[in-house]
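Everything below concerns the one structure shown next.
The values are calculated or read from the model by the stated rules, or taken from the named source; none is laboratory data. It should be emphasised that the depicted structure is a prediction, and the values quoted were computed from it without experimental measurement. Cβ coordinates were reconstructed from backbone atoms using ideal geometry, including for glycine residues, and neighbour counts include every protein chain displayed. Ligands, DNA and RNA are stripped out before the accessible areas are found, and what is left, the full protein with its side chains, is counted by its heavy atoms. Shrake-Rupley method; radii C 1.70, N 1.55, O 1.52, S 1.80 Å.
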Amino acid sequence: MQRFISGIMSLSILMSGCATTNDENFSRLGLIKKRDSLICGVSGKIPGFSFLESDGSLQGLDVDICKAFAAAFLGDSKKVEYRPLTAAERFTAIRTGEIDLLSRNTTFNLSRDATGGNGLTFAPVIFHDGQGLMVKKSSGIKSIKQLSNKAICVGSGTTTEQNINDAFEALLLPYTPIKYQDLNQVVAGYLQGRCTAMTSDRSQLAAARSGFKNPKNHIILSDILSKEPLAPASNGEDQKLSDAMRWVVYSLIFAEELGISKSNINQKLQFAKNNPQMKPLRRFLGVEGGLGEKIGLANDFVVKVISSTGNYGEIYNRHLGPNSKVPISRGFNRLYKNGGLFISPPFN
């Protein structure tokens, strides 16, 4: 059952979760298994990625990534507790052990990955994004250069804040940043007219606009201010957990490459079992090779993941596809063989 958790976890659990050894008994992965639930940090406020629906459930790409991790680690995608976090809270929550891992539209960059920075370890990218700007159509603004001397709403303590400053400095354009703690506040400030434009990842701008009373009255400018590879993250000192996360994400990508989906996974598994010559498929689905054991998971973890969430393409289409509430062209998020950036290393 999906549920939000609140309060402070016990000191003993926090200390256990922050152990640096790679022995599974003392790693975060071991703690997750003993607890029999995964604590996943999300936003909860971004349609298409993680958003609290009217029925009380969380839905979105980031949420399904949490479910995939739970399916792989615990054999059950429902064993997830979600903690909603602001951008300012997310890294502290990892360092203190309040969450096991983060699946919250977070940009993978050097300073966050480095030991001397936030000390995180990132899983593979799950969404390639770029920062943009949204303005009211009635403003007549068509490009960033027309925002000279204008106020811009932005989330504080994010790469978004740094990127907008870098972009305006490079163009020698003065502007006034209006800073807020989370995306909802940024959106409110923009709609209330406190700024001429709001800036965020283009995916977040599209998600925010989908909830406006008159979405067509707002346009996302063509200017792309940055690369924003969004990826799940965990404590950089825990190799066991980071290895497991990495290969769960790759399993979603590789399953799509192979055409293995939620609807045909059982058929593919039976085919692998009945055909001993199909070595790559048998290794991938855990029939032979013992690959799951090498990363602290069940050998059939891929089967559990795909049975629960489907492959990456299915997750994307469910939440961001053309028939979703937040349609975003797949673009760079297509498989490599279709002109995108998604590719998985071999499972062997």
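Only a single item in (1) in contact with a helix residue (DSSP H, G or I) (Cβ under 8 Å, 6 or more places away or on another chain); (2) closer than 29 Å to A298 by Cα; (3) open to solvent by 10 Å² or more (accessible area, probe 1.4 Å); (4) assigned to a strand (DSSP E or B) is not met by N105, and it is number (4). When segment 22-65 is limited to residues that are of a type outside the set (D, E, K, R), open to solvent by 30 Å² or more (accessible area, probe 1.4 Å) and within 25 Å of T158 (Cβ to Cβ), the one that is modelled with the highest pLDDT turns out to be Q59. Scanning segment 207-229 for residues that are under 16 Å from the mean Cα position of the chain (by Cα) and surrounded by fewer than 24 Cβ atoms within 10 Å (Cβ to Cβ) yields a count of 2. For segment 163-170, state whether one or more residues are closer than 17 Å to S143 by Cβ, open to solvent by 50 Å² or more (accessible area, probe 1.4 Å) and in contact with a helix residue (DSSP H, G or I) (Cβ under 7 Å, 6 or more places away or on another chain). No, because not a single residue in segment 163-170 is closer than 17 Å to S143 by Cβ, open to solvent by 50 Å² or more (accessible area, probe 1.4 Å) and in contact with a helix residue (DSSP H, G or I) (Cβ under 7 Å, 6 or more places away or on another chain). Return the residue satisfying two criteria in turn: it lies in segment 108-135 and is among the aliphatic types (A, V, I, L, M) and either in a loop (DSSP other than H, G, I, E, B) or at pLDDT below 95 (or both), and of such residues it is nearest to the chain's Cα centre (by Cα). Checking each candidate, the answer is I126. Segment 233-348 holds helices (runs of 4 or more DSSP H) entirely within its bounds, and those carrying 2 or more residues that are in contact (Cβ under 8 Å) with a residue 24 or more places away in the chain map to 239-258, 265-274, 279-284, 301-309, 312-320. For segment 136-159, which residues satisfy the criterion of being closer than 30 Å to N118 by Cβ and either in a loop (DSSP other than H, G, I, E, B) or modelled with pLDDT of 95 or more (or both)? Across segment 136-159, the qualifying residues are I144, A151, I152, C153, V154, S156, G157, T158.
So that you can scan it fast, the table gives a plain yes or no per residue for (1) aliphatic (A, V, I, L, M); (2) closer than 30 Å to F51 by Cα:
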residue	(1), (2)
M245	yes, yes
Y250	no, yes
I253	yes, yes
E257	no, yes
N275	no, no
F284	no, no
G310	no, yes
G313	no, yes
I328	yes, yes
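Sort out which residues of segment 66-92 are of a type in the set (G, A, S) and either crowded, with 20+ Cβ neighbours inside 10 Å or under 13 Å from the mean Cα position of the chain (by Cα) (or both), and write them in order of number. Within segment 66-92, A68, A70, A71, A72, S77, A87 qualify. Against the definition (touching a residue at least 24 places away in the same chain (Cβ under 8 Å), closer than 23 Å to T86 by Cα and either among the hydroxyl-bearing types (S, T, Y) or not in a loop (DSSP other than H, G, I, E, B) (or both)), how does I219 come out, yes or no? No, not satisfied. If the condition is being part of a strand (DSSP E or B) and among the hydrophobic types (A, V, I, L, M, F, W, C), then segment 60-91 contributes only V80. Across segment 230-271, the qualifying residues are those that are among the polar types (S, T, N, Q) and within 23 Å of N105 (Cα to Cα), and the one among them that is most open to solvent (accessible area, probe 1.4 Å) is Q239.
Of all residues in segment 47-59, those that are over 19 Å from N323 (Cβ atoms) have Cβ atoms under 8 Å from Cβ atoms of residues that are of a type in the set (G, A, S) and not in a strand (DSSP E or B), 6 or more apart or on another chain, in S50/S43; S50/G44; S50/G60; S50/S103; L52/G44; L58/G44.
Taken over segment 93-102, the criterion of being open to solvent by 10 Å² or more (accessible area, probe 1.4 Å) and either under 19 Å from T115 (Cβ atoms) or hydroxyl-bearing (S, T, Y) (or both) is satisfied by R95, T96. Selection over segment 292-335 of residues that are open to solvent by 30 Å² or more (accessible area, probe 1.4 Å), at pLDDT 95 or above and not polar (S, T, N, Q) gives a count of 8.
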